[in-house]
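Novice: Below you will find the structure I want to go over with you.
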Amino acid sequence: MEELIIEKEVEFEEAEKIARKMANEKGSAILLAYHDPKTGLKYPNVDCCGEKTWELYAKTRGGNFRVKIGVIEFIFRID
């Protein structure tokens with residue numbers, strides 16, 4: 001999975017805007033999963049098996065581009 005790391009502390013909404021912009025520059029991007037450990041916000045909101053469920057969900061659905069802004073992660077599928 002390709003990864004882009006941006007060392008910047010921002011709130012979730014701003015991070016999502018930045019992540020979507022970066023992903024859309026690569027092609028047709030679909031946001032599959034995200035996680036904000038500061039607030040506990042994540043999609044999908046499932047806890048199971050001690051795994052990073054948001055990451056597992058995205059990988060099994062073709063996630064191929066991760067954007068990490070500060071501690072917030074977004075995983076996209078770029079077609």
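The values are calculated or read from the model by the stated rules, or taken from the named source; none is laboratory data. All values reported here derive from a predicted model rather than from experimental measurement. Neighbour counts run over all protein chains shown; Cβ positions are idealised from the backbone, glycine included.
Novice: State the number of residues belonging to segment 43-79 that are modelled with pLDDT under 95 and in contact with a His (Cβ under 6 Å, 6 or more places away or on another chain).
Specialist: So the answer is 1.
Novice: Kindly check whether there is at least one residue in segment 55-78 that is touching a Pro at 6+ places or on another chain (Cβ under 6 Å) and β-branched (V, I, T).
Specialist: Yes, segment 55-78 contains at least one residue that is touching a Pro at 6+ places or on another chain (Cβ under 6 Å) and β-branched (V, I, T).
Novice: Ok, one more. Can you tell me which residue within segment 45-79, out of those that are farther than 19 Å from I18 by Cβ and among the small types (G, A, S), is surrounded by the most Cβ atoms within 10 Å (Cβ to Cβ)?
Specialist: My answer is G62.
Novice: Residues in segment 51-70: is at least one in contact with a strand residue (DSSP E or B) (Cβ under 8 Å, 6 or more places away or on another chain), without any contact (Cβ under 8 Å) to a residue 60 or more places away in the chain and of a type in the set (S, T, Y)?
Specialist: Yes.
Novice: Could you list, ordered by first residue, the pairs with Cβ atoms under 9 Å in which the first is in segment 8-20 and in contact (Cβ under 8 Å) with a residue 60 or more places away in the chain and the second is in a loop (DSSP other than H, G, I, E, B), at least 6 apart or interchain?
Specialist: Pairs that qualify, where the first residue is in contact (Cβ under 8 Å) with a residue 60 or more places away in the chain and the partner is in a loop (DSSP other than H, G, I, E, B), are K8/G70; E9/G70; E9/V71; V10/G70; F12/K38; F12/T39.
Novice: Across segment 21-44, which residue is surrounded by the fewest Cβ atoms within 10 Å (Cβ to Cβ) among those that are in contact (Cβ under 8 Å) with a residue 12 or more places away in the chain and part of a helix (DSSP H, G or I)?
Specialist: So, considering only residues that are in contact (Cβ under 8 Å) with a residue 12 or more places away in the chain and part of a helix (DSSP H, G or I), the one surrounded by the fewest Cβ atoms within 10 Å (Cβ to Cβ) is M22.
Novice: For segment 26-79, enumerate the residues that are of a type in the set (D, E), farther than 23 Å from E9 by Cα and out of contact with any Ser or Thr (no Cβ under 7 Å at 6 or more places or on another chain).
Specialist: Result: E51, single match.
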